[in-house]
Amino acid sequence: MNAFLLSAHVLAAVIAVGPVTVAASMFPAAVRHAVATPEDGRNLATVRMLHRICRVYAVVGVAVPVFGFATAKNMHVLGDTWLIVSMALTAVAAVVLGALVLPGQGAVVARLEGGGAGPLSAPPTRLALYAGLFNLLWAAVTVLMIVRPGSTTGV
């Protein structure tokens, strides 16, 4: 059962979190292109698609901590410090995604679709910062999952 749960956890992370990290990172540049060439509808379509990828895979990404928690429970490591820190970092990453990245992207998409003038409510540089923070948090969680301080596996 441990092998199944761990496999599901890792696959969910790769399949769900990977696309969000890439799409969120690509979004600011796509916005800059869309703002620079508003007459080119392909750029707006790209911005919409990247935002949709982030939204959809964020929902799918809920499977990552679900399978992770089940794996940890089965392996009797719920009280280990590395896991608690990983869970806290995962929660912070979820907040960054849900409270900063997705709403910022949504506001930009709405503004671009409306064709309104003036500055973007969430400029690309700020969205790049949020995406970078989200990615950094997931990188830290990944390292903790691999290194597992205090592990008896010899890693």
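The values are calculated or read from the model by the stated rules, or taken from the named source; none is laboratory data. Bear in mind the structure is a predicted one, so any value in this text is a computation, not a measurement. Cβ atoms come from the backbone with ideal geometry, glycine included; neighbour counts cover every protein chain shown. Accessible surface is based on the protein model in full, side chains and every heavy atom, while ligands, DNA and RNA are left aside. Shrake-Rupley method; radii C 1.70, N 1.55, O 1.52, S 1.80 Å.
How much length, in nm to one decimal, is gained on full extension between V95 and V10, taken as 0.36 nm per residue of separation minus their Cα-Cα distance? Please report the intermediate quantities before stating the final value.
Working: separation 85, 0.36 × 85 = 30.60 nm, distance 2.09 nm.
Going from the current span to full extension adds 28.5 nm.
Over the stretch 1-81, with every protein chain in place, what whole percent of the accessible area is carbon and sulfur at 1.4 Å, could you tell me? Numbers along the way, then the final one.
Numbers: 3290 of 4670 Å².
C and S fraction of accessible area: 70 percent.
Enumerate the helices in the chain for which the Kyte-Doolittle hydropathy averages -1.0 or more and the C-alpha atoms extend at least 24 Å along the helix's axis, using complete DSSP H runs. Don't jump to the answer; show the numbers that get you there.
On the way: long enough: 18-36 (28 Å, 1.03); 41-60 (28 Å, 0.49); 124-147 (34 Å, 1.59).
Length and hydropathy pass: 18-36, 41-60, 124-147.
Highest GNM mean-square fluctuation, the chain, Cα pairs closer than 10 Å: which of M75, M49, M87?
The residue that fluctuates most here is M75.
Which values of log₁₀ I(q)/I(0), to two decimal places, follow from the Debye formula for the chain at q = 0.08, 0.10, 0.14 Å⁻¹ with a uniform point scatterer at every Cα?
Those come out to -0.28, -0.41, -0.70, one per q.
Give the span of the stretch 53-132's Cα atoms along each principal axis, as three whole-Å numbers ordered largest to smallest.
On the principal axes, the stretch 53-132 reaches 56, 21, 13 Å in Cα extent.
What's the magnitude of the charge dipole for the chain around its Cα centre, counting Lys and Arg as +1 and Asp and Glu as -1 at the beta-carbon? Answer in Debye, nearest 20. Don't skip to the answer; put the middle values down first.
Working: 9 positive and 4 negative charges, 14 e Å.
With only Lys, Arg, Asp and Glu charged at Cβ, the dipole is about 60 debye.
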